[in-house]
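The values are calculated or read from the model by the stated rules, or taken from the named source; none is laboratory data. Computed from a prediction, not measured in an experiment: that's the story for all the values here. Quick reminder, even Gly has a Cβ in these numbers, built from the backbone with ideal geometry, and neighbours come from all protein chains shown.
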Amino acid sequence: MIDPDTHAGDWVAGDDTDAADEAEDMPLSLRLSIADALTLGNATCGFMAVYFTTTGILIPHLTGSTETGMARNSAATAVILMLAAAIFDLFDGIVARKLRSSPMGAELDNLSDLISFGLAPAYFVLVYGMVADDAQQKVSAVAAIVVLLAVVLRLARFSCVTMKDGIFQGMPSPFGALTVVSIVLLELPFIPTLLAIIGVAWLMVSRVEYPKPRGVLAVAMLSWIVGAMGMLAAWAFDAPGGQFLLQTGCALQVVMGAVIPLFATARRVNTFRGSRRESREARAAQTP
């Protein structure tokens, strides 16, 4: 006959052992590294960009407010927050390589990028379609969905496909998000704006190779982001030449988004031609 007290004691002891094991494992799984903290900063900036887009642009439009300054300040703040998210995204990778990242690092990075460079710019496009004079809400909603799904597919592919070191396949989502927002801020006619946004979404899921921002390129990107923040601040506070600076910065961002794929494609074609030429020369050398 089994002693109930003894049997219960065995189970209690076993539970204590399991609880102790779980207690040992739990802090390790939830412990955040410095890189993870930067990644969470990325997500926070993306969420706040959505907040300012809603409270400063959409709600005043729906309530019939005529305070254009508020909309301008909120639009600038939302984009500056997306730029700040890009800075966090740039540095979390650098810190993770130099120090360490937790087991959650890769997942946190993808989820944060989805918020800051998928949801935030897509929502910005959606709101643009609601407040612009010549925009069409339903078509803008479709464009916003295209941007969001492109980022989702881009991030999913990044997690599944192993690329050559130092290379991204498809336009990186931070660069794509900033290009989409720049297209909106240029205030072009609706149809060209829509086509350009869809073009950027296609580039994000394309096979065009982009260099990863490391070394000099990372410094150049950081400098560009900080400069863009300054342009947005000048525009938000209606500084002399602020509108010109904003238009110039947005135009440069869009031009870079269009030119980089051309250079990447040309380099790939030249590499392919060089390989074929070397193969022909090797076969010719082997022919008696």
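At a glance:
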{"read-out": "Residue in the stretch 148-158 that is touching a residue at least 12 places away in the same chain (Cβ under 8 Å) and closer than 30 Å to Thr63 by Cβ present", "value": "yes"}
{"read-out": "Count - residues of the stretch 215-236 that are farther than 17 Å from Ala85 by Cα, surrounded by fewer than 16 Cβ atoms within 10 Å (Cβ to Cβ) and in contact (Cβ under 8 Å) with a residue 60 or more places away in the chain", "value": "0"}
{"read-out": "Residue in the stretch 159-171 that is crowded, with 23+ Cβ neighbours inside 10 Å and in a loop (DSSP other than H, G, I, E, B) present", "value": "yes"}
{"read-out": "Subset tally (residues that are crowded, with 17+ Cβ neighbours inside 10 Å, modelled with pLDDT of 90 or more and farther than 23 Å from Leu148 by Cα) for the stretch 237-254", "value": "3"}
{"read-out": "Sole residue being at pLDDT 85 or above, in a helix (DSSP H, G or I), within 23 Å of Asp89 (Cα to Cα) and not β-branched (Val, Ile, Thr), chosen from Leu195, Leu222, Leu217", "value": "Leu222"}
{"read-out": "Gly176 vs. criteria more than 20 Å from the chain's Cα centre (by Cα) and either over 22 Å from Glu107 (Cβ atoms) or assigned to a helix (DSSP H, G or I) (or both)", "value": "no"}
{"read-out": "So Ala106, is it in a helix (DSSP H, G or I), at pLDDT 90 or above and small (Gly, Ala, Ser)", "value": "no"}
{"read-out": "Per-region count, the stretch 179-189, residues in a helix (DSSP H, G or I) and surrounded by fewer than 18 Cβ atoms within 10 Å (Cβ to Cβ)", "value": "0"}
{"read-out": "Residue in the stretch 199-214 that is of a type in the set (Phe, Trp, Tyr), within 26 Å of Ala150 (Cβ to Cβ), in contact (Cβ under 8 Å) with a residue 40 or more places away in the chain and not in a helix (DSSP H, G or I) present", "value": "yes"}
